[in-house]
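Contents: one structure, followed by commentary.
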Amino acid sequence: MYKIIGNNNKVNYGCIDEPIEWNYEAFKLLDFFNKEIKGIKKKFAYHQFNYIGITAGKYIVGFATVDLGYLKNVFAFIYSEDKGMILESDDKCLGFSKKMDFPRNPDNYITTFNSGKTSVRVEKSHDRGMLHVDCNFKDQLKFKGNFNFSIESHQPLRVLNPSVPTRFTYTEKCSPLVANDFEISLDGNPLAFETDNVTAIYDWSGGYLRRETNWYWTAFGTILPNKTSIGANFAAFTNETYFSENAFWIDHKRTRVSRVLYDFNEQEPYQTWHVYDEAGLVDLIFTPDGERSDKINGGPLVKTIFRQFVGSFDGFFKPADGGKVEFTKVKGFCEIHRAIW
């Protein structure tokens with residue numbers, strides 16, 4: 001088992017294709033002058049979040065659990081091709097609240113959240129090769145499903161990187177996870193969709209992130225008409241100097257991408273985005289259709305700007321050991337995120 005923290009506070013950075021021992025508590029967090037940070041300051045510096053996006057026919061669902069130490073958050077939305085953004089849900093509570101249980105174990109966990117009319121349960125086990133979700137947001141949006149998911153069968157991208165020289169971030173990304181079963185309802189009415197093409201994108205991150213964290217982010221997954229499964233998860237402004245957080249998958253075979261570039265106008269984000277790499281492995285045009293956004297201005301302590309766009313991708317992947325895979329109108333996500341936290 002791969003220990004993330006070794007002897008003498010050494011972080012074992014790398015791309016990790018084996019089970020992890022998440023011994024993060026052994027890490028000695030240091031400030032700019034290498035003085036140890038302890039107690040509540042260390043607790044609040046640790047952040048962990050899990051985002052899952054599900055595409056079922058014309059419907060796209062996104063939801064996340066977020067633990068910033070001092071603040072916990074669960075949000076969700078459902079988007080429809082013909083109606084746009086149908087419903088958004090957002091629940092926040094203080095860090096000491098017992099409403100959320102978000103275990104510190106990226107490989108095997110059961111995350112729960114219960115508050116009022118909102119309940120979330122996400123169970124993941126690489127040991128058993130499964131991901132299960134069962135969610136009820138505001139007693140309006142309800143969905144549950146089961147997906148196969150393991151290190152061996154899906155080749156997720158799992159990288160451990162320095163955030164800055166005195167901090168680390170681990171992330172696990174994979175797409176697509178194909179549903180064994182899935183159901184969804186809105187205001188008590190079951191929604192109809194193509195049951196043989198329900199896919200999920202998975203994204204989990206945790207660690208001691210930068211005090212100021214920014215990223216552009218892209219993720220999508222689907223099964224093409226010829227039954228080829230494709231997926232991708234890309235980011236910029238994250239860890240370009242160490243182990244790349246970028247990869248795409250064709251029939252669950254991973255191709256890592258060293259760096260991805262974003263060419264778009266952040267002031268006019270509903271214009272098309274060009275997402276590509278210099279080696280010619282990836283070239284995408286993203287057309288946004290709608291968005292979920294959030295903004296927090298907590299003075300000098302906390303500031304966030306979050307804009308997650310739903311839309312469609314046209315483009316291609318070109319793995320080093322195979323031919324070009326082209327696709328059009330694949331639904332997915334692009335995101336702008338800026339935070340001081």
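No value in this document is a laboratory result; all are computed from the given coordinates. It should be emphasised that the depicted structure is a prediction, and the values quoted were computed from it without experimental measurement. Note: ideal-geometry Cβ built from the backbone for every residue, glycine included; neighbour counts use all protein chains shown.
A compact table of results
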{"quantity": "Most positive-pole-ward Cα, Ala26, Ile4, Phe168, against dipole of region 2-340 from beta carbon charges", "calculated": "Ala26"}
{"quantity": "Amide hydrogen neighbours beyond the local backbone of Glu245, cut-off 5 Å, H modeled", "calculated": "Asn239"}
{"quantity": "Calculated from backbone phi, Karplus (6.51, -1.76, 1.60) coupling profile of region 205-212 in Hz, x at Gly/Pro", "calculated": "9, x, x, 9, 6, 4, 4, 10"}
{"quantity": "Derived scalar couplings ³J(HN,Hα) [region 93-102; Karplus, 6.51 cos²θ - 1.76 cosθ + 1.60; whole Hz; x for Gly, Pro]", "calculated": "8, 5, x, 7, 5, 8, 5, 10, 10, 10"}
{"quantity": "Candidate lysines for bridging to Lys3, where Cα separation is under 22 Å - those fewer than 8 sequence places away on the same chain excluded", "calculated": "Lys28, Lys38, Lys42, Lys43, Lys124, Lys173"}
{"quantity": "Under 5 Å, built H, 5+ apart or other chain: amide partners of Ile86", "calculated": "Ile78, Tyr79, Ser80"}
{"quantity": "Tensor-based shape of region 174-230 (alpha-carbon gyration tensor, a/c under 1.5 rounded, otherwise prolate or oblate)", "calculated": "oblate"}
{"quantity": "Anchor Lys117: lysines whose Cα lies under 27 Å away (excluding residues fewer than 8 positions away in-chain)", "calculated": "Lys58, Lys72, Lys83, Lys92, Lys98, Lys99, Lys138, Lys142, Lys144, Lys295"}
{"quantity": "From phi via Karplus (6.51, -1.76, 1.60), per-residue ³J(HN,Hα) for region 267-283 in Hz, x at Gly/Pro", "calculated": "7, 10, x, 8, 6, 5, 9, 10, 10, 7, 10, 6, 7, x, 7, 9, 8"}
{"quantity": "Mean projected area (nm²) of the alpha-carbon convex hull when region 211-324 is viewed from all directions", "calculated": "8.5"}
{"quantity": "Bins of 5 Å from zero: percent of alpha-carbon pairs in region 1-57", "calculated": "4, 13, 19, 20, 17, 11, 7, 4, 3, 2, 0"}
{"quantity": "All Cα pairs of region 14-148, percent lying beyond 25 Å", "calculated": "37"}
{"quantity": "Exposure proxy order (Cβ contacts within 10 Å, fewest to most) of Met1, Met85", "calculated": "Met1, Met85"}
{"quantity": "Computed label-point distance, nm, for sites Lys303 and Ser115 using a 7 Å Cα→Cβ extension", "calculated": "2.5"}
{"quantity": "Relative contact order for the chain, counting Cα pairs under 8 Å that sit 6 or more residues apart, in percent", "calculated": "12"}
{"quantity": "Proxy reagent accessibility, fewest Cβ within 10 Å first, across Ile110, Ile336", "calculated": "Ile110, Ile336"}
{"quantity": "Charged-residue dipole, Cβ positions (Lys, Arg, Asp, Glu), region 2-340 about Cα centre, Debye nearest 20", "calculated": "1320"}
{"quantity": "Under 5 Å, built H, 5+ apart or other chain: amide partners of Tyr13", "calculated": "none"}
{"quantity": "Overall form of the chain per C-alpha gyration tensor (a/c, 1.5; a/b vs b/c)", "calculated": "rounded"}
{"quantity": "Where a label projected 7 Å from the Cα of Asn34 along Cα→Cβ would reach, residues of region 162-201 with amide N under 19 Å", "calculated": "162-168"}
{"quantity": "Residue order, fewest to most beta carbons within 10 Å, for Cys135, Cys174", "calculated": "Cys135, Cys174"}
{"quantity": "For the chain, calculated [θ]222 nm from helices alone, where every DSSP H run of n ≥ 4 adds -39500 (n - 2.57)", "calculated": "-500 deg cm²/dmol"}
